[in-house]
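Contents: one structure, followed by commentary.
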Amino acid sequence: MKLAIIANTDKEGTKTLVPEFVSLLEREGIETVLHESIMPVLGDGFSYVSVDRLFDGVDMIASFGGDGTFLHTARLAEGFDLPILGINLGKVGFLAEINPAEIDQIPQRLKNGDIEIFDRMAFCAAASSHDSYFALNDVVLDRNVDTRILRLTVEIGGRYAGEIHADGLILATPTGSTAHSMAAGGPLVMPECDVFVLTTICPHSLTMRPMIVDGSKEIKITVVEGLARMAVDGQSFVTVDAGSSVTVVKAASPVRVARFNEKTYFDLLHTRLNWGVSLKLKNA
């Protein structure tokens, strides 16, 4: 077995945890290869390669960092069909689920098959005259530095769905439903669902509510008035002028996520959001 390792070099734990992890894997006969960006932090003594060769002959990817690092890793690994194991060095850890104290369990779990792998829907978003962008969490259209409210029209599956007057619109995957969409009042969606979530940001209508859309539909958002910015997973940004459109479709391949098989989605909701936690027990 061979693992590729990607790490956020700005995280304090990278310098100590990555070498420890490599050593643990080597004791079990598991080969590792590290992204070359980690070399300035760790120095010599490890096998480094550039991103164009990082996934050659690899069985799994270990991502050290927060959820942002996991999203970055998913984008780098698009099309390789490799599961990503997230080790959390950040704050929340919805995608990077494994705590640093648990990394000593990983080598034996890999050998015993005690790690579950499941697919998460992703999508591709393209703004007029721009490249297509891969997203695991969300695509957000907001007014950026423009002081005016946005007027947007939405088409779903080639049919006109409506007009929105708001500060913006969030189009989220089930994975992204616990991020910006949730903060804007959107629903939580179990990650195995095959749907999009449309959530408006500060709509100028009391009747505008979030909507769940069939994931097989193409969604087209047109900026009728205002100057918008498209943010893809909070990491890629594109200006969208009035008259331009953003088209979003389900990605051809899902993102494969690896996790400890005894952990559940509801465990994450309990520990990260306090969702469904008994107030009686909490305040006892």
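The values are calculated or read from the model by the stated rules, or taken from the named source; none is laboratory data. Computed from a predicted structure; not experimentally measured. A quick note on method: Cβ atoms are made from the backbone with ideal geometry, for glycine too, and the neighbour counts reach across all protein chains shown.
The table below gives the values:
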| item | result |
| --- | --- |
| Criterion violated by I221 - all others in (1) at pLDDT 95 or above; (2) out of contact with any strand residue (DSSP E or B) (no Cβ under 8 Å at 6 or more places or on another chain) satisfied | (2) |
| Selected residue (criterion: surrounded by the fewest Cβ atoms within 10 Å (Cβ to Cβ)) from residues of the stretch 122-145 that are among the hydroxyl-bearing types (S, T, Y) and either outside the structural domain of V224 (by TED's automatic domain parsing) or within 18 Å of S253 (Cβ to Cβ) (or both) | S132 |
| Qualifying residue in the stretch 253-267 (condition: assigned by TED's automatic domain parsing to the domain that holds D81, among the polar types (S, T, N, Q) and in contact with a strand residue (DSSP E or B) (Cβ under 7 Å, 6 or more places away or on another chain)) | yes |
| Looking only at the stretch 30-40, and only at residues there that are touching a residue at least 24 places away in the same chain (Cβ under 8 Å) and either surrounded by fewer than 16 Cβ atoms within 10 Å (Cβ to Cβ) or not assigned by TED's automatic domain parsing to the domain that holds I98 (or both), the one that is nearest to L110 (Cα to Cα) | E31 |
| Of all residues in the stretch 183-198 being surrounded by fewer than 18 Cβ atoms within 10 Å (Cβ to Cβ) and in a loop (DSSP other than H, G, I, E, B), the one that is farthest from the chain's Cα centre (by Cα) | G185 |
| V92 of a type in the set (A, V, I, L, M), touching a strand residue (DSSP E or B) at 6+ places or on another chain (Cβ under 9 Å) and part of a loop (DSSP other than H, G, I, E, B) | no |
| Pair list, Cβ < 6 Å and 6+ apart or interchain, from the stretch 170-197 residues that are under 19 Å from A228 (Cβ atoms) to residues that are among the acidic types (D, E) | I170/D138; A172/D138; G176/D138; H180/D138 |
